[in-house]
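Take a look at the structure below.
Laboratory data are not the source of any read-out in this text; all were calculated from the coordinates shown. None of the values given here were measured: they were computed from a predicted structure. Here the Cβ positions follow ideal geometry from the backbone for every residue, glycine too, while neighbour counts run over all protein chains shown.
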Amino acid sequence: MAFVLQLGNRKIDSTELVSLLAQYQLLPQLLREMTIDSAIAQVALTEEEQTIAEEAFNTRYQITDEAARQAWIKQQGLTNEQLEQNITRPLRIEKFKQSNWGNRLESYFLIQKPQYDQVTYSLLRTPDPEVAQELYFRIKGGEQTFAELAQTYSDGPEAESDGVIGPVPLSQPHPAIAEKLRHSQIGLVHPPTKMGEWYVLLRLDALIVARLDPAMRQKLLDELFETWLTGSLTQSPTPTAPPVLA
């Protein structure tokens, strides 16, 4: 059997190479990249896009001339054809994302928006309803601040931050808390609410509304691409390494 890789004095044939990929848990990554390459095989770039890809690649790897380019190829063990594929691959992946999901971003954003809205809020929890009511009246009456009381009386980890939590996605807090925050006015202190074993005081401090800006568009494209890729890999048979024959 022909050897496909040599490390020092060790020569590795194709059967052992597959076994090593499995041993080091690299087969799933290989299958992922092969699935991507199959999907983008028909994606073509314009001359302008090709130039952009070349410039980005040269900048990333500090390739300034043909000699540096050939040295990099040799170091990586690639052919010139493989190098060209590597240079254009990131841009072809982005074009694949755009062609498949670019026209769905607005509707997808509206569905996912609650997951990306962020809040900063203050929380104080205590197991004693009478204490919770007393602290609520102190805050409402201006006797003490929410931060002072949370630091002294809250029984949760938020006591270490003066009761302040966030900014966090609105989907992260307990559903009952998230629902109150979603419909709350900034600065409004909610009366004690029983949640499980706790009586909770809550105040919305800031709301950061997600917007479909370029960064969000890219994030959503990446999400849709990863969802598609995960589904494709789930449907594909998982490769297994053949036994190494003596």
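Quick notes on this structure:
- Per residue, the chain reaches -17500 deg cm²/dmol at 222 nm when only DSSP H runs of four or more residues are counted, each adding -39500 (n - 2.57).
- Highest-MSF residue in the chain out of Ala150, Ala178, Ala22 [GNM, Cα springs under 10 Å]: Ala22
- Basic side chains Lys and Arg get +1 at the Cβ, acidic Asp and Glu get -1 at the Cβ, and with that the dipole of the chain about its Cα centre reaches some 400 debye.
- Amide H within-cut-off set for Val119, under 5 Å, with H built and near neighbours excluded: Val168, Leu170, Ile208
- Near Val164, once Lys and Arg are set to +1 and Asp and Glu to -1 for all other residues with Cβ below 13 Å from its Cβ, the sum equals -4.
- In plain terms, the bigger the Kirkwood radius, the slower the diffusion; for the chain, with that radius from Cα pairs, at 10 °C and 1.306 mPa s, Stokes-Einstein puts D at 67 µm²/s.
- Folded to 0 to 90 degrees: helix 14-23 orientation relative to the chain principal axis, Cα: 10 degrees
- Between 0 and 90°, nearest 10: helix 129-140 axis offset from the chain longest Cα axis: 90 degrees
- Positive minus negative residues near Asp37 (Lys, Arg vs Asp, Glu; Cβ under 15 Å): +1
- Compactness of segment 126-246 is given as radius of gyration and Dmax, 23.0, 83 Å, from Cα positions.
- Relative to the 2.2 N^0.38 Å rule of thumb, segment 53-109 has a C-alpha radius of gyration ratio of 1.52.
- Proximal lysine pairs, the chain, alpha carbons under 21 Å, eight or more residues apart or interchain: 9
- 3J(HN,Hα) couplings calculated from phi for segment 64-74 with the Karplus curve 6.51 cos²θ - 1.76 cosθ + 1.60 (θ = phi - 60°) are, in sequence order, 10, 7, 5, 5, 5, 5, 5, 5, 5, 4, 5 Hz; Gly and Pro show x.
- Against the chain, whose longest principal axis comes from its Cα atoms, helix 214-235 is set at around 60 degrees.
- Between Gln25 and Gln115, full extension at 0.36 nm per residue minus the direct alpha carbon distance yields a gain of 29.1 nm.
- Dipole magnitude of segment 46-87 about its Cα centre (Cβ charges: Lys, Arg +1; Asp, Glu -1), debye to nearest 20: 360 debye
- Sum of side-chain charges, Pro192 neighbourhood, beta-carbon under 15 Å (Lys, Arg +1; Asp, Glu -1): +1
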